[in-house]
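Student: My questions all concern the structure below.
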Amino acid sequence: MARRDWIRGVAAFCLPGGALLLLLSLAVRAGLLTAWWPRAAPYVSGTVLIAAILLAWRFRRSRALYALMAIALTEVLLERLGMRAFGAAALLLPLNLAAAGLLRERGVISRAGLLRLVALLLQPALAAAALLLLPAASATFFLGRFSSSEWMARSGLPQPSLAAFAVAAVALSVGYGIRRSAQDSALIWALASAFLALDSRGSGPLPALYLTAAALIVGLSVVETSHRLAYRDELTGLPGRRALEEALASAGGQTTVAMVDVDHFKRFNDRYGHDAGDEVLKMVAARLSEAGGGGQAFRYGGEEFTILFPGRRAEQALPHLERARRTVAAQSFAIRASQRPRKKPGRPEPSRTKPRRVFVSVSIGVAESSSSQDILSAMKGADRALYRAKGEGRNRVVLGR
């Protein structure tokens with residue numbers, strides 16, 4: 001299971017941003033884009049940027065919008081001013097991408113969102129003023145050398161920009177390690193794409209190509225995040241009610257349906273609090289997702305879950321459901337003591353009482369359908385079987401008649 005989770009984690013990080021950037025780099029090395037990209041660049045790049053910005057605006061993703069605006073400004077500066085603005089653009093873009101990773105979602109049409117955009121738009125003006133009024137100091141700041149490293153000398157980027165990319169990479173990696181979101185992984189791959197764009201010293205067709213790829217990666221993360229919010233339950237991480245409805249609509253042939261309910265959940269919530277209740281739901285969701293036998297778990301609502309077993313008869317699904325029920329019943333929870341301080345004291349004292357450990361259980365009702373026409377009947381049958389399991393004492397699996 002740990003190996004499977006590791007593979008899923010790597011895939012979630014690399015798709016689609018890493019795969020897109022890899023394919024694009026291979027196409028550049030093979031010379032597949034040299035014939036048509038220079039002519040198509042203004043149209044493709046503009047279309048991708050506008051579409052991605054509109055998506056971020058529509059779905060109120062202020063972090064993505066900030067990153068996309070930074071990419072758009074960089075592309076405009078390189079196109080209009082070329083090498084005169086290269087140092088400033090190469091320094092500001094990674095820092096702005098890092099800022100997009102560190103900022104919180106504050107909405108687009110909000111005071112915080114508008115202030116961010118104003119601050120972003122002021123940057124080119126301030127950089128231009130510095131270049132005009134203090135050319136020597138600006139050249140040192142944007143293009144200066146502070147190391148004689150051979151690797152830095154081979155890079156097409158100024159050393160201040162290389163330092164900015166290193167800082168941004170660390171900041172974005174920490175952000176992804178904390179949140180593990182599609183948007184945070186997209187910002188890392190957008191940073192890598194921006195590095196490839198600017199490492200060519202801002203000349204030729206590559207900067208526009210890789211900056212367009214960075215915008216596309218961020219735009220795709222907006223779609224992925226919005227899809228996840230619509231189809232995934234935020235608390236448990238399981239597919240939600242809408243995903244279940246689509247799975248039921250597409251189910252065909254033999255399917256087994258299991259309805260699962262946490263026993264005495266309201267009583268548990270009232271006694272130990274909603275935070276403990278949330279932990280129970282997350283634990284149950286994790287155990288149900290590991291049921292096996294080809295079953296897929298969904299959050300149905302509240303303390304109820306659904307597991308679908310496509311292509312399986314009820315007799316085939318029952319051993320997996322029984323094992324999941326036993327696993328839930330065997331796992332205990334340590335309940336926070338009522339007199340325990342909410343904040344960690346400067347010099348904590350050893351607890352004189354052992355934490356209370358409690359157990360929860362689930363009741364499961366099971367039914368099967370032989371065709372897509374009676375899948376809803378199977379849902380109702382599983383629900384009736386669940387009520388029978390409750391009436392017969394809970395913490396059991398009951399097969400519908």
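The values are calculated or read from the model by the stated rules, or taken from the named source; none is laboratory data. Keep in mind the model is a prediction, meaning the values are calculated, not measured. Note that each Cβ is placed from the backbone with ideal geometry, even for glycine, and that neighbours are counted across all protein chains shown.
Student: Identify the residue in region 217-260 that is touching a strand residue (DSSP E or B) at 6+ places or on another chain (Cβ under 7 Å) and β-branched (Val, Ile, Thr) and, among all such residues, is farthest from residue 309 (Cα to Cα).
Tutor: Going through the qualifying residues, I end up with 236.
Student: Do you know which of the residues in region 92-133 that are of a type in the set (D, E, K, R) and either surrounded by 11 or more Cβ atoms within 10 Å (Cβ to Cβ) or outside the structural domain of residue 193 (by TED's automatic domain parsing) (or both) is modelled with the highest pLDDT?
Tutor: Pass one, region 92-133, residues of a type in the set (D, E, K, R): 104-106, 111, 116.
Those left that are additionally either surrounded by 11 or more Cβ atoms within 10 Å (Cβ to Cβ) or outside the structural domain of residue 193 (by TED's automatic domain parsing) (or both): 105-106, 116.
Details: 105: 84, 106: 77, 116: 87.
Across region 92-133, the extreme among qualifying residues is 116.
Student: Run down 70, 64, 27 and say which single residue is loosely packed, with under 15 Cβ neighbours inside 10 Å and part of a helix (DSSP H, G or I). Please lay out each step first, then the result.
Tutor: On the way: 70 fails: loosely packed, with under 15 Cβ neighbours inside 10 Å; 64 fails: loosely packed, with under 15 Cβ neighbours inside 10 Å.
27 is the lone residue from the list that is loosely packed, with under 15 Cβ neighbours inside 10 Å and part of a helix (DSSP H, G or I).
Student: Would you be able to say whether some residue in region 262-279 is outside the structural domain of residue 60 (by TED's automatic domain parsing), closer than 30 Å to residue 185 by Cβ and in a loop (DSSP other than H, G, I, E, B)? Show your work before the answer.
Tutor: Residues of region 262-279 that are outside the structural domain of residue 60 (by TED's automatic domain parsing), as a first pass: 262-279.
Then drop every residue that is not closer than 30 Å to residue 185 by Cβ, which leaves 275, 278-279.
Of the ones still in play, those that are also in a loop (DSSP other than H, G, I, E, B) are none.
No, every residue in region 262-279 fails to be outside the structural domain of residue 60 (by TED's automatic domain parsing), closer than 30 Å to residue 185 by Cβ and in a loop (DSSP other than H, G, I, E, B).
Student: Which condition breaks for residue 255 when tested against (1) in contact with an Asp or Glu (Cβ under 9 Å, 6 or more places away or on another chain); (2) assigned by TED's automatic domain parsing to the domain that holds residue 63; (3) at pLDDT below 95?
Tutor: For residue 255, the exception is condition (2).
Student: In this structure, is residue 192 in a helix (DSSP H, G or I), more than 20 Å from residue 53 (Cβ to Cβ) and out of contact with any strand residue (DSSP E or B) (no Cβ under 7 Å at 6 or more places or on another chain)? Spell out the reasoning first.
Tutor: Details: in a helix (DSSP H, G or I): yes; more than 20 Å from residue 53 (Cβ to Cβ): yes; out of contact with any strand residue (DSSP E or B) (no Cβ under 7 Å at 6 or more places or on another chain): yes.
In short, yes.
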